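What follows is a set of notes on a single structure, which appears directly below.
Read-outs throughout are calculated quantities, based only on the coordinates presented, and are distinct from any laboratory measurement. Nothing here was measured: the structure is a model prediction, and the numbers come from that model. Here the Cβ is made from the backbone with ideal geometry for all residues, glycine too, and neighbour counts use every protein chain on show.
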Amino acid sequence: MEAIMTPESPGAPAATGTDTCAGPPQPDAISGFLSALPRFTQLNAAFTKGRLPERAAEASGLHLDKPAMGVLFSLRTADRALRIGEIAERMAVVGPHVTRHVQVLEKRGLVHRVTDPEDRRASLIELTPRGREGIERYGASLFSWFTAVLADWPAQDRSELTRLLTRLANDVTDRIARLDEEPEG
């Protein structure tokens, strides 16, 4: 199947600044795209509804639910302290939802609040050493599982998968962010 989208480097806007194709969509391209969409749904369901995250949480020794693990994961991937709103945005949920989970994580000694140096009235949420160790064990468990899934793949295919998934995630995220910034109407 021939690609019909204009080639762009990750995160770069299309040449015209809008979401355009090199020409009218070809039926084969649309058909291929539509047949791939259920695979994305299948993968998403496997990650979010399957037992993999729960098993990884159990293996980490934390025994937390998915949203609480999501808070820890958001802090770990940010690699810095975050405001509640920033965590909520990364998790695509509302702030009060995150606040409840942060309170549980604080009681368990996995996160703590620090004063925001830019606004002394505000707090940032930060991983404690125990929280960082736990989320690292969680990540190691997931990594081990994915390593087993891809064990029979050639190294070049694994590397290419990582490169392409990273590019796809970055490009989709950047394109959606630009779309969200456009005025409505």
About the Cα centre, and with charges only on the beta carbon of Lys, Arg (+1) and Asp, Glu (-1), how big is the dipole of the chain? Nearest 20 debye, please. 1020 debye
In nanometres, the difference between 0.36 nm per residue of separation and the alpha-carbon distance of Ser35 and Arg121 is 25.9 nm
Cα convex hull of the chain, projected area averaged across orientations, nm²: 14.4 nm²
For the chain, what does -39500 (n - 2.57) per DSSP helix run (n ≥ 4), summed and divided by total residues, give at 222 nm, in deg cm²/dmol to the nearest 500? -20500 deg cm²/dmol
In the range 39-134, the GluC sites (Glu not before Pro) that sit in a DSSP loop and have at most 11 other Cβ atoms within 10 Å of their own Cβ are Glu118
With Rg and the Kirkwood Rh both taken from Cα atoms, where does Rg over Rh land for the range 109-152? 1.30
Please compute, over every Cα-Cα pair in the range 46-149, the percentage with a separation greater than 24 angstrom. 20 percent
Between Asp28 and Ala169, what FRET efficiency follows from the Cβ-Cβ distance if R0 is 30 Å, with the result rounded to 0.05? 0.75
Compactness of the range 100-185 as Cα Rg over 2.2 N^0.38 Å, two decimals: 1.62
Report the FRET efficiency, 1/(1 + (r/R0)^6), for Arg130 and Ser159, where r is their Cβ-Cβ distance and R0 is 35 Å, rounded to 0.05. 0.55
If the viscosity is 1.002 mPa s and the temperature 20 °C, what Stokes-Einstein diffusion coefficient in µm²/s follows for the range 58-99 when Rh is the Kirkwood radius over Cα pairs? 203 µm²/s
